[in-house]
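Remarks on the structure that follows.
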Amino acid sequence: MNKETINILLVEGSETHAARIREVLESGLNQIKLTVVQNLAEARTRLSKSFPSLAIINFLLPDGKGIELLPGDQEAAAYPAVIMTNRGDEQTAVEAMKAGALDYVVKSAATLVDLPHIVERALREWTRIVERRRAEEALRESEERFRSFFEAAASGMAILSLDGKFLKVNPTFCRLFGYSAAEALEKNVLEVTHPDNREKTRRLYDEIRAGHRQVVDYEKRYLRKDGSAIWGRATLAVVFGPDGAPSSFAASIQDITERKGAEEALRLSEERFRTVFNNAAAGMVTLSPEGQFLEVNEAFCGFIGYSKDELLNLRVPEITHPDDRERTAKSYRLLDSGRSRMIHYRKRFLCRDGDIVWGHVSVASVPGGDERPRYYIGLVQDITEAKRVQDQIRESQQMLRLVLDYIPQHVFWKDRNSVFLGCNRNFARAAGMEKPRNLVGKTDYDLAWKREEADFYRECDRRVMKADMPELHIIEPQLQASGKQAWLDTNKIPLHDGEGRVVGILGTFEDITERKRAEEALVEANRELDAFVYTVSHDLRTPLTPIIGYAEILQETCRDRLDEQSLDCLAEIKSQGRKMLALLEDLLVLAKVGHLQRPTDPVDLNAVVEEALADMGSLIAEAGVVTEKNPLPELRMPKTLLTQIFHNLIGNAVRYAGREGGPIEVGGERKGDLVRLYVRDHGPGIPQEERSRIFEVFYRGATNKKSPGTGVGLATVQKISRLYGGRAWVEETPGGGSTFRVELRDIQNSAD
């Protein structure tokens, strides 16, 4: 409770009860003043002089019922009241509450003890009622003021729903558009908007609904009921509901069909002008011909940071940025000379705290009797943020142009008809243009390329725009302005407007002429190298067979005639010959990769793995390892190459890691048109520094030099992988070991 004295009027016919109630209240409440009367007559006399903070009234009094002191409606009550009765019943309680009582209690020992809390509760409830009444009254007064302003406003005023339907219009609006109020309420904003301005209006309303803007001020054409067009300057603002969400729009429309109507507007009644002047959202001022401030509104004070009194002692140059003072003076000379009645310009203002703000200034002259301006009326809109955004956009555009002109790629963009809208310097040079702007408005047929090249480019443009999908890495020829026949790697993507419609394309290309020549040379070199490897391997393999055979014959037939050293030499000849033969076999396989036909039927990888495991059964058994095969997908690829992959990877795992105790796992999965295979072991693993080299021909690593193998198997796996659009790599197996992974592209899916 607050510290003010609580004046309580107790209306109680029983002196005994009154004394007991006094005792309870004075002991349970602080700072109370209790006045006791015994009947209705005394109570009415007391109430005629002043109302208490609270009245405690006995239901039955010597001269009538206590509820006769109540107004019969709680909303009409001037003071809070609690009704007490000796015996409680529902009818009495209902009668008391209908009469306007805040509470109803039955006298009892428990009630008397709780009476201070009942009083406090009643006072709190009364405080809420009083505050609500005040708020409702303030709301009524505010609505009445708004209604008066709305109805009397000189501008067309309207309240619109969020979808643009008119909910309320003022008489000025009706006169402006020629509709009755009832007719206007059947319309929406687009129906009274000129067709040429409907799209802009729809866009502005969308921006406000999306929360990007709360107030917009713009000019557009309207359609009157008779079909005639008028120009209006509209100010549209969001009206927020109690929940803080947009609930409607408030619009003000000024008829600007005749700019000279500003003179008549200046002669409007002082009251109307004062209302607009003082409540305008933009800064408004009146100035003497010498530039002295005569009047300023609150919005202008907030914009510039000065108080009204301070501004009335200043002149325009004193709050104008030094660099803008001469231009400002020149603008006012136009008004002073009569050559213009209204000027519009942008300038910088000096704020009281030293900050600099930008304003869009509109100044109109009010002519005097001698045809010289009597005073000026100025409207200043804060465009500081808009100017900052414009500067950022300009800087961003400059930076973008700098980047475009110095990146090595050629960049261009076209409209829906494949007409060039712009390009960077590299593209302009390739097209034979001195500057990028010289390309604007031209088509591919106007440039240096061949006719068939231009046809191809434009057909590609049409595909991209029609499908609304990019086309990337288009390899195409081009005859450039320099006479160079180039090869290009081109990318084209569709361009969209704010509505998501395709409005053109953006293209980039890179001159890959040298790269293509290098690739062709590399292909030819690889072809020659493969042929050389095949020939050498074949020619070397021919004499190896008799060498190995003769060594075996000598071992068998001359065993009794040769000493131990000679027999060891023959065994070494046979062993080294077989190693050389295995190496040549692997080289032949490596040379053949890339020359086999691609199949059209899918290969069951599960069957390929089973065959590979069967082929290596003796090796696996000798190593004493366990193999685990997980399900594998199908893949369109030559079975012989798949067999090579699994033979090499499983063989490596058995030879180098099979005796470490863990199982060798084989599996795979499909992801789109990619199939990923793996062979996992739990052996000693491969050092990080060797993982990138083990797929090189003849590289075997420091830890494997004494192990069997030729150093060609993993190189064969990598070559097969790359041939089919994939790769091979090795990772560490969690817990120790190596996991070899192979990624292959399904050639049928890729073709599709």
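The values are calculated or read from the model by the stated rules, or taken from the named source; none is laboratory data. Every value quoted in this text rests on a predicted model; they were computed, and no experiment measured them. We place every Cβ from the backbone using ideal geometry, glycine too, and count neighbours over all the protein chains shown.
Points to keep in mind about this one:
- Scanning region 31-60 for residues that are of a type in the set (G, A, S) and surrounded by 17 or more Cβ atoms within 10 Å (Cβ to Cβ) yields A43, S53, A55.
- Among the residues of region 645-695, the ones that are free of Cβ contacts under 8 Å to residues at least 24 places away in the same chain and more than 50 Å from the chain's Cα centre (by Cα) come to 1 in all.
- Filtering E611, E556, E552 for residues that are under 28 Å from I664 (Cβ atoms) and at pLDDT 65 or above leaves a single hit, E611.
- Scanning region 467-509 for residues that are small (G, A, S) and in contact with a helix residue (DSSP H, G or I) (Cβ under 9 Å, 6 or more places away or on another chain) gives A481, S482, A486, G498, G504, G507.
- In region 145-185, the residues that are assigned to a loop (DSSP other than H, G, I, E, B), modelled with pLDDT of 90 or more and more than 41 Å from the chain's Cα centre (by Cα): G178, Y179, S180
- Of everything in region 360-409 that is touching a residue at least 24 places away in the same chain (Cβ under 8 Å) and polar (S, T, N, Q), the residue that is nearest to E290 (Cα to Cα) is S365.
- Just so you know, in region 87-125 the residues that are of a type in the set (A, V, I, L, M, F, W, C) and in contact (Cβ under 8 Å) with a residue 60 or more places away in the chain include one that is surrounded by the fewest Cβ atoms within 10 Å (Cβ to Cβ), and it is V113.
- Restricting attention to region 399-428 and to residues that are among the charged types (D, E, K, R) and within 28 Å of the chain's Cα centre (by Cα), the residue that is farthest from E510 (Cα to Cα) turns out to be R416.
- Checking each residue in region 279-322 for being in contact with a strand residue (DSSP E or B) (Cβ under 7 Å, 6 or more places away or on another chain) and polar (S, T, N, Q) picks out T286, S288, Q292, N297, T320.
Here's the yes/no breakdown for (1) touching an Asp or Glu at 6+ places or on another chain (Cβ under 6 Å); (2) without any contact (Cβ under 8 Å) to a residue 24 or more places away in the chain; (3) not assigned by TED's automatic domain parsing to the domain that holds G227:
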residue	(1), (2), (3)
E141	no, yes, yes
F177	no, no, no
E186	no, yes, no
L190	no, no, no
E199	no, yes, no
R202	no, yes, no
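- Test: residue in region 126-140 that is surrounded by 11 or more Cβ atoms within 10 Å (Cβ to Cβ) and touching a strand residue (DSSP E or B) at 6+ places or on another chain (Cβ under 8 Å): yes
- Evaluated against (1) touching a helix residue (DSSP H, G or I) at 6+ places or on another chain (Cβ under 8 Å); (2) surrounded by 13 or more Cβ atoms within 10 Å (Cβ to Cβ); (3) under 27 Å from R132 (Cβ atoms), G28 falls short on exactly one condition, (3).
- Residue in region 626-642 that is closer than 18 Å to F740 by Cβ and either at pLDDT below 70 or part of a helix (DSSP H, G or I) (or both) present: yes
- Residue that is nearest to L9 (Cα to Cα), among those in region 36-93 that are of a type in the set (D, E) and touching a Leu at 6+ places or on another chain (Cβ under 8 Å): E68
- Screening M616, M637 for residues that are among the hydrophobic types (A, V, I, L, M, F, W, C) and within 20 Å of L723 (Cα to Cα) leaves exactly one candidate, M637.
Residues are listed down the side, and each one gets a yes or a no for (1) outside the structural domain of D323 (by TED's automatic domain parsing); (2) out of contact with any Asp or Glu (no Cβ under 9 Å at 6 or more places or on another chain); (3) not polar (S, T, N, Q):
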{"position": "R333", "(1), (2), (3)": "no, yes, yes"}
{"position": "M342", "(1), (2), (3)": "no, yes, yes"}
{"position": "D355", "(1), (2), (3)": "no, yes, yes"}
{"position": "H360", "(1), (2), (3)": "no, no, yes"}
{"position": "A364", "(1), (2), (3)": "no, no, yes"}
{"position": "N438", "(1), (2), (3)": "yes, yes, no"}
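- Candidates V94, V106, V11, V24, filtered to the one that is at pLDDT 90 or above and not small (G, A, S): V11
- Residues of region 5-49 classified as farther than 16 Å from A78 by Cβ, hydrophobic (A, V, I, L, M, F, W, C) and out of contact with any Gly (no Cβ under 8 Å at 6 or more places or on another chain), total: 13
- The condition of being in contact with a His (Cβ under 9 Å, 6 or more places away or on another chain), in contact (Cβ under 8 Å) with a residue 24 or more places away in the chain and among the hydrophobic types (A, V, I, L, M, F, W, C) holds for only one of L488, L479, L447, that being L488.
- Tally of residues being buried (at least 19 other Cβ atoms within 10 Å of the Cβ) and either touching an Asp or Glu at 6+ places or on another chain (Cβ under 6 Å) or not in a strand (DSSP E or B) (or both) across region 405-429: 5
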